[in-house]
Structure formats: structure tokens, C-alpha cells
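Read the structure below first, then the notes.
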Amino acid sequence: MAKAAFYITTPIYYVNDIPHIGHAYTTLACDVIARFKRLDGYDVMFLTGTDEHGQKVEKSAAAKNKNPQEFCDEVSGRFRELARFMNFSNDDFIRTTEQRHKISCQALWRQLEDSGNIYLDKYSGWYSVRDEAYYAENELVPGENGQKLAPTGAAVEWVEEESYFFKLSAWADDLLKWYQTVPATVLPVSRRNEVSSFVKGGLRDLSISRTSFSWGIPVPGNDKHIMYVWIDALANYLTAAGYPDVDSDRFRKFWPADIHMVGKDILRFHAVYWPAFLMAAGIEPPKRVFAHGWWTNEGRKISKSLGNVIDPFAIVEEFGLDQVRYFLMREVPFGKDGDFSRHAMIARINSDLANDLGNLAQRSLSMIFKNCDHRIPECGDLTPEDQAILVKADTLLANLRELMDCQKINRTVEVIWKLVSDCNGYFAGQAPWTLKTSDPARMATVLYVTAEVVRQIAILTSFIMPDSAAKLLDQLNVDADQRGFDQLGPVGRLTPGTMIDKPEGVFPRYVEKDRDQ
Ligand code: MSP
């Protein structure tokens, strides 16, 4: 039977900036979801990439005395590096300066034009280059010296030029209907309410082309105009799915996208403009847009001017890759804002990873290695305690699927850690080390049951910490093709007699070095 398809996207990142924790976080969340789905038998397409056009990038390149393409090549490379470094499993990496994207964008434009959704007029109003967004007078806030600022704090400039407009105002009712679709098209619910009140407040048509700079995709048939960078950027999701070849297997299989993952700051573009563009072009809108929260650093907003930007390369060097992946996914309810602190990171590493999971695996597997001739022991008759812990492991997946289906990633991790904690309780309660001479057969059974639960925990954590989980499964000698969710429960039970490798600790404790030395 053909596998069900699943298409997930990250926002494409502006190349005016080098990668920071915010970028790493969005892509990590997608990676974790993509891996979960692959383990669960789906044919996944996971897309990330870079957003390379627009005035902001043009200005950043000029500031560095580089031509825009050369500048984009360089910074886009850093984002690819980050993806490799953080073990992201993206299937494609799109750049908006690629030819496939130009073709797709222009095709989308034509479709919008042919359907009567685009008209030429004159734009006069406020524009923020930093946000690449238009603002109405009543949205502006006062800055220093009576200067007007965007609600995000970005500078705005007055723009007056000929411009193409998209008839956004015509799509309000369809958008409001789309927000009511089940399963939810916009999550968390608080964010859906936010966009829905924005739409109810009245939509104005959207200026979608500029004439005052040139770094972008020309409007077909009028190359004095460059497409508004958000149309260009949003269309990347279609391009990678094979658009404009809507009859291709790829497009039919993967479109509409299952999840567009975004940060809360770019929700309006994804949950108002984007579905409206698509509906207007006669293309199905995505199944879901999920907006996650923002990280602060030790309680303070992260910003270049405060000099407290968190470099993902540096924290991974210091704390370890899977440790950082675990922390970012475990620490904060997904969708809410969160605070990055060294103290919290170290606490998670030492308590959840080194103590709870690391010790459980190390103690049980070392006992097997020493006392059972390096082999998975025989499993004797099961007591109610043995059965209870096995049933917990065997039946956890249904619960996790439900949570992951609404992107409750941190709840998912918590539920897995409840199993880790129950298994620790079981191991301590059965105290197999007291049975070595008094009842070796019972000791063998307890060790078998514990190792079997550790096997399932390793599979269940592999979408969060792929390398560490693989090390645990290697130690248990589980075949590479027996590490999917279809191997959870009794079907995948460890085979007594299987040789195991000498266990080595997978989650070292973090010892704070004297940072002055
Ligand atoms: N280029 C646009 C997206 C176009 S998608 C069609 C863009 N790029 S961005 O590089 O500025 O931001 C990308 C993502 O990083 C956003 O989802 C944003 O929310 C996220 N983050 C930036 N700083 C962040 C934090 N401090 N914390 C969490 N995520 C944050 O917007």
C-alpha cells in the first residue's frame, strides 16, 4: 500500500542575518515532527530554505560591498551548514533566487491576474524595510523624537509609487470560513482568534509590487515592477512541491502542505495573505499553519543591539547536540514564549538525561553485560509489575500521536519521560542487584523487561535525539531496519541470547567548568 504523504515547511530565512537560536528552533520543531511522521510510516517531505530577495537583502549586501547574489550565496550557505550541524533531516533546501522558483512565482502571479485578483493603481503609505511590511497610519506607534515606528518597533518610510494590488478585501468571508475548518487550520487557538479578529476588523487590498528597487522577481509582462517579497517568499512552498506542474505526481501527492510552521511574528502573512492568494488562484490552502512563540535570553528580549543573540553553533559545542535538541523541545510548551537560561539547560541535562534516562540504560545494560554473559537474558514468567510496565511502553504511541497531531511537542516529551520515570521506579522496586545469587532467573527476567522498555524508549526518543537513541539501539544490537514505530510493542521484543555491546554512557553529566579560567 502506498504510504500516506506528509509535507511540512519552515519559514525561509532572510539572508540579511546569520543563523541564530530562533531559526534553529523553528527548523528543529519541524525536524522533530518530520522524523516522528517518518518513524510512523509516512512519506515525508520536509522543506526549509532561504528568502533571498527584497529591499532588506539588497541593502544588507550593499552595506557589505557585495553584489546581492554573491552575498546570498554566502549567507544561504550558513543556513545549510546549520541544517547539517543540527542533524536536520530536510529533504529539500529552497533558495528564492533559483530558476525553479522564478518560474513558479510568475505562474502564480499570472493565475492571480487571470482570475481577476490583481489590478494596477498607486500606493501611498508607510513601509518598513526591516519587516518588509506595509502599515496603516493607525497602526504606527510613536518613537523617539516624534518619529513614527511600526508596531514591531521597526523604522517606517513613506512610499508613493505605482503598484499592483491584490484584492485581499474580497477574501474575508472565505478566510473566516477557512479558520473554522476542522481539523484546525490555525493553531494555537489564541493565534487563530488573533488572525480572525484581524480579518473581521476589515481587510484592505494589498500592494504586491514595488518599482523603487530591483532585487527580486519581475512582474510578468511589466518588468518595471518587482514582486512584493512576501508573495515571492510564500510561493516557495508551492515551488518545492512542483508547482506550476500541478498534474505532477509530486504536487498531487504533497499539496496542500500539512503544516507551515512559523514564528508568531509572521503569522499574518501565513494565515491571512497566503491562504487568500491560494484561494484566489484556485489552489487549495494549507491544512495547518502553526505559530510558535519566541525565546528570550536569561529573561531578556534577544536582539543584536543588546548583543545577546544566541549562536546555535556555540551552544551545541558547549552542551552537545542532542542535549540542546532535547532542551529546546522539552523546556517550553510549544506555541508559548520561553526563556533560555544556562541554569535550566544544565538542570535538564543532568536530571532528565544523565540521571533519568542515562542511568536507567547504563545500570540495566551494564548488569546484563556483567551478569548475563553479554547477552539479552531469558525472560521467565511475568509478574503483574513486569506486565504493567511493559503494557505502558507497548501502548504509549496512540497517546503520542494524538499530542503530535496538534503539535504539543513538549507534552509528548513529558509523556515519554513519564515512562522513563515509571521504568526507573520499576527497576528500583525490583532491585535486580539483590537477586544475583538468591534468584538469578528472576534477576534475568527483571533485566529483560527493563532492557525491553529501554529499547522502546530509545525508539520513542529517536525523533528528538536521533544520535543518542541510535547509540542505545546499537548497544542493544537492534537492526537498523527495526527502529520504526512499527517495532513498538510485542512485535519488536528483544530476542534472548542476542549479544550486546559493552554499554557506554550516552548522556554524560554536565559539569560547570570554572568559567574564569
Ligand atoms: N523571510 C521571512 C519568512 C518568509 S516565509 C515565507 C522571515 N525570516 S526570518 O529569518 O526573519 O525569521 C524566520 C523565523 O525565525 C521566524 O519564524 C521567526 O519567528 C523566528 N525567530 C526569530 N527570532 C526568534 C526568537 N527569538 N525566538 C524564536 N523564534 C524566532 O521572517
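Here are some notes:
- Only protein heavy atoms count here; on that basis, with a 1.4 Å probe, LEU82 has an accessible area of about 10 Å².
- Accessible area (Å², 1.4 Å probe, nearest 10) - LYS502: 140 Å²
- Cα gyration tensor shape of the stretch 69-146, rounded if a/c is under 1.5, else prolate or oblate by comparing a/b with b/c: oblate
- Annotation: amide H-H contacts under 5 Å for VAL156 (H modelled 1.01 Å from N, sequence separation of 5 or more, or interchain): ALA150.
- Pairs from LYS64/LYS264; LYS37/LYS301; LYS56/LYS148; LYS56/LYS264 whose Cα-Cα separation, in the structure shown, is over 22 Å: LYS64/LYS264; LYS37/LYS301
- Spatial offset of the stretch 211-258 relative to the stretch 381-452 amounts to 49 Å, using the alpha carbon center of each.
- The stretch between ASP339 and ASP114 holds 76.2 nm of extra length on full extension. This uses 0.36 nm per residue minus the Cα-Cα distance.
- Tensor-based shape of the chain (alpha-carbon gyration tensor, a/c under 1.5 rounded, otherwise prolate or oblate): prolate
- Whether the stretch 151-205 is rounded, prolate or oblate, judged on the alpha carbon gyration tensor where a/c under 1.5 counts as rounded: oblate
- Between SER248 and ARG509, the modelled labels are 5.4 nm apart [label points 7 Å from Cα along Cα→Cβ].
- Given their separation in residues at 0.36 nm each and the Cα-Cα distance between them, ASN308 and SER366 gain 16.6 nm when the chain is fully extended.
- Spacing of the modelled spin labels on ALA154 and LEU382, each 7 Å from Cα toward Cβ, amounts to 5.7 nm.
- With both residues required to sit in the chain, DSSP beta bridges show an antiparallel share near 50%.
- Where labels lie 7 Å past Cα in the beta-carbon direction, separation of ASP481 and THR495 in nm: 1.4 nm
- Each peptide among 188-196, 269-277, 252-260 gets the average number of other Cβ atoms lying within 10 Å of its residues, and from highest to lowest they stand as 269-277, 252-260, 188-196.
- Solvent-accessible heavy-atom area per residue, rounded to whole Å², over the chain at 1.4 Å: 43 Å²
- Backbone N under 15 Å from the GLU402 label point (7 Å along Cα→Cβ), restricted to the stretch 434-464: none
- Taking amide H atoms as placed 1.01 Å from N in the peptide plane, the amide H of GLU162 lies under 5 Å from those of TYR123, each 5 or more residues away in sequence or on another chain.
- Angle between the chain longest axis and helix 466-475 axis [Cα atoms, degrees, rounded to 10]: 20 degrees
- Separation between Cα centres of the stretch 277-302 and the stretch 47-121, rounded to whole Å: 18 Å
The values are calculated or read from the model by the stated rules, or taken from the named source; none is laboratory data. Quantities reported herein were computed from a predicted structural model and do not represent experimental measurements. With ideal geometry, Cβ positions are generated from the backbone for all residues, glycine too; neighbour counts draw on all protein chains shown. All accessible areas refer to the heavy atoms of the entire protein, side chains included, with ligands and DNA or RNA removed. Shrake-Rupley method; radii C 1.70, N 1.55, O 1.52, S 1.80 Å.
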